[in-house]
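A short write-up of the structure that comes next.
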Amino acid sequence: FTVSERIAFIREVTGNDPRVDVRAFDGLLVDFARDVGARVNVRGLRAASDFEYEFQMALMNRHLYPTLETVFMAPSFDTTYISSS
């Protein structure tokens, strides 16, 4: 899916909730988060193997932008094996 299509999907799922801001960006997440004043990064984990990679990324992001917290969310059992690719 294109970036525009993915943004539309997210907006549809969140019901255009005014508390949710969906944006695309290029570059590092920490630079984008700093630019928009974000303090929390929410990441989904499908399997234990995802955790190692995501944990390393979270540590580097914290090193580059100490006030950015990363929150990991686990999927429901029936969606665990859905791949984003």
> Do we have L68 as closer than 24 Å to V3 by Cβ and touching a Lys or Arg at 6+ places or on another chain (Cβ under 9 Å) here?
Replying inline: yes
>> I need every pair where a residue in the range 57-85 that is in contact (Cβ under 8 Å) with a residue 24 or more places away in the chain and of a type in the set (D, E) has its Cβ under 9 Å from the Cβ of a residue that is surrounded by 14 or more Cβ atoms within 10 Å (Cβ to Cβ) and not in a helix (DSSP H, G or I), sequence separation at least 6 or different chains.
In response: E69/N41
> Any residue in the range 25-48 that is at positive phi and not acidic (D, E)?
Replying inline: yes
>> If a residue must be in a helix (DSSP H, G or I) and either open to solvent by 60 Å² or more (accessible area, probe 1.4 Å) or touching a Leu at 6+ places or on another chain (Cβ under 6 Å) (or both), how many such residues does the range 55-81 contain?
In response: 11
> Which one is surrounded by the most Cβ atoms within 10 Å (Cβ to Cβ) among residues in the range 32-54 that are within 21 Å of V20 (Cβ to Cβ) and of a type outside the set (A, V, I, L, M, F, W, C)?
Replying inline: N41
>> Yes or no: the range 15-27 includes at least one residue that is more than 24 Å from F1 (Cβ to Cβ), surrounded by 10 or more Cβ atoms within 10 Å (Cβ to Cβ) and either at pLDDT 95 or above or out of contact with any helix residue (DSSP H, G or I) (no Cβ under 6 Å at 6 or more places or on another chain) (or both).
In response: no
>> Considering only residues that are in a loop (DSSP other than H, G, I, E, B), closer than 20 Å to L68 by Cβ and touching a residue at least 12 places away in the same chain (Cβ under 8 Å), which ones fall in the range 22-54?
In response: V22, R23, A24, L28, A38, R39, L45
> Scanning the range 2-21 for residues that are among the charged types (D, E, K, R) and part of a loop (DSSP other than H, G, I, E, B), which turns out nearest to Y65 (Cα to Cα)?
Replying inline: D21
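The values are calculated or read from the model by the stated rules, or taken from the named source; none is laboratory data. Keep in mind the model is a prediction, meaning the values are calculated, not measured. No Cβ is skipped: glycine too gets one built from the backbone with ideal geometry, and neighbour counts run over all protein chains shown. Please note that ligands, DNA and RNA were not included when accessible areas were found on the heavy atoms of the full protein model with its side chains. Shrake-Rupley method; radii C 1.70, N 1.55, O 1.52, S 1.80 Å.
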